[in-house]
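Here, each number is a calculation from the coordinates, and none is a lab measurement. Bear in mind the structure is a predicted one, so any value in this text is a computation, not a measurement. All Cβ positions, even for glycine, are placed from backbone atoms using ideal geometry, and neighbour counts span all protein chains on display.
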Amino acid sequence: MTKRPNLFDYATSELSQDAFLCWLIQWADHKYATVDPALDPALHRTATEFLKSIGRKFDNNPFKEATALQVEIEQQYKYIDVLVRIKIGDQKYALVIEDKTDSTARKGQLEQYRETIKKEYPESNLLLVYLKTGEILPEAKREARISKYVVYSRNDLLRVLETGANETNDSILSDFYQRLKSRDDLYQKYLTPLKDWKDSKLAWEGFYSELHKNMEKIIVEEKEKIYWDFVNNRGGGESRFGIWHTVGLFSVHLLLVKKWDKTGRHFLALKVGEVRKNRSKVRNKFHQSLMEHAKTSRWSGKLERPARWGNGAWMVIAESKEKDYWLPMDDDGKVNMDETVEKLNEAYKLLCEFECE
């Protein structure tokens, strides 16, 4: 059967996503809770459930008994993606949604929006939401929470839209849901054999995100030391999962790296930084000490010097010889997450025990 063209295959920008959210939320207004056959009641139910799902993120659950909502929306009000003014009886709410697809908020952006709306609407209860349909970097999640925003994920939105899409024939809602579900499938591709997703950035992000959740369960006391990110450079950049530990005056980072240059290789590396002087001396000393220490651990024979020494503020001091050791696979070619977590925990323990005088 021929697939119907999807509007959101072409409208892929954050502004298009802003517009969809504004359109959906407007349906939550009480005037659309009608039995008029010209107006689809399923859209009102979906929009109301969307607001309720946001409300459940807050301790006081402000939209738990939400009925007869009065909704006014402004898009890009003082650069805020979506501002929703909601009235329920005598209660007024100012809902700020910072909406992202793949980008992250710039430094100070979330605080600026918070203070702007606090001053403009002092009589309203302020609700701050950081909504992202891409994978949310751990650092971005921490920054949002520090700035008093609740985090609303792609999966949160998919749960609401899936129900709505099954209840309505509206093409706008259906198109957005299908587009978002297709994108989610790309992030979930890491659950298939590695050979099928090793060249997909979104699959690596999905893998690193899930790996981060699993490692946090083990390294509970120092989970702020676990991260994943993307580093852009002239070669195409690299996706990284990392755990760091302080050794003497420096930090040593254990990194799972996926290169997006011509080599496309993925490997495990250990880096030391930030080194401002005597770089070669520091690098060589850390390399020798690490290799010596590894001999007495389960990582004996698993590390080697990098193919090429660097001389920057951050330098690789060792790489893994065997990629299949730190990225173990089952017989079907799928990455075994439990074994991967176990290997990384071994390496983290090595890092914590490592000393370099």
- Query: Assuming R0 = 30 Å, what is the FRET efficiency of ASP332 and LYS223, from their Cβ-Cβ distance, to the nearest 0.05?
  - Reply: 0.45
- Query: Where is the GNM fluctuation largest for the chain (alpha-carbon springs, 10 angstrom cutoff): ASP18, ASP229, ASP261?
  - Reply: ASP261
- Computed over the chain: longest principal axis from alpha-carbon atoms vs helix 337-353 long axis, angle to nearest 10 degrees, is 50 degrees
- Helix 171-187: inclination vs the chain longest Cα principal axis, degrees, rounded to 10, gives 10 degrees
- Task: Using only Cα atoms, tell me the angle between helix 279-294 and the longest principal axis of the chain; keep it within 0 to 90° and round to the nearest 10.
- Result: 80 degrees
- Residue of ALA66, ALA313, ALA28 that the Gaussian network model of the chain assigns the largest fluctuation, springs spanning Cα pairs under 10 Å: ALA313
- Calculated mean projected area of the Cα convex hull in nm² (choose from (i) 19.4; (ii) 17.3; (iii) 22.2), label: (iii)
- Report the calculated FRET efficiency for GLN26 and ASN232 (r = Cβ-Cβ distance, R0 = 41 Å), to the nearest 0.05. 0.65
- Item | Spin-label model distance (nm) - ASP261 vs ILE88, 7 Å beyond Cα toward Cβ | 5.4 nm
- Inter-site label distance for THR163 and LYS281 at 7 Å from Cα along Cβ, in nm: 6.5 nm
- How far apart, in nm, are the 7 Å Cα→Cβ label points at LEU186 and GLN75? 2.2 nm
- Give me the number: length gained by fully extending GLN112 to TRP309, i.e. 0.36 nm times residue separation minus the C-alpha to C-alpha distance, one decimal in nm. 66.6 nm
- If the chain between GLU123 and ALA38 were fully extended at 0.36 nm per residue, the gain over the current Cα-Cα distance would be 27.0 nm
- Message: Using a 10 Å cut-off around each Cβ, can you sort TYR208, TYR325 from fewest to most neighbouring Cβ atoms?
- Response: TYR325, TYR208
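Enumerate by residue number the GluC sites (Glu not before Pro) in the range 62-131 meeting two conditions: DSSP loop (anything except H, G, I, E, B), and at most 15 other Cβ atoms within 10 Å of the site's Cβ.
GLU65, GLU123
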- Item | Set of the range 98-135 residues, backbone N closer than 11 Å to the point 7 Å along the Cα-Cβ line of LYS57 | 98-100, 127-133
- Message: What's the magnitude of the charge dipole for the range 144-236 around its Cα centre, counting Lys and Arg as +1 and Asp and Glu as -1 at the beta-carbon? Answer in Debye, nearest 20.
- Response: 300 debye
- Item | Centroid-to-centroid separation of the range 177-224 and the range 288-355 [C-alpha atoms, Å] | 21 Å
- Task: Would you please name the trypsin sites (Lys or Arg not before Pro) within the range 67-143 that are DSSP coil residues with at most 15 other C-beta atoms within 10 Å of their C-beta?
- Result: LYS78, ARG106, LYS107
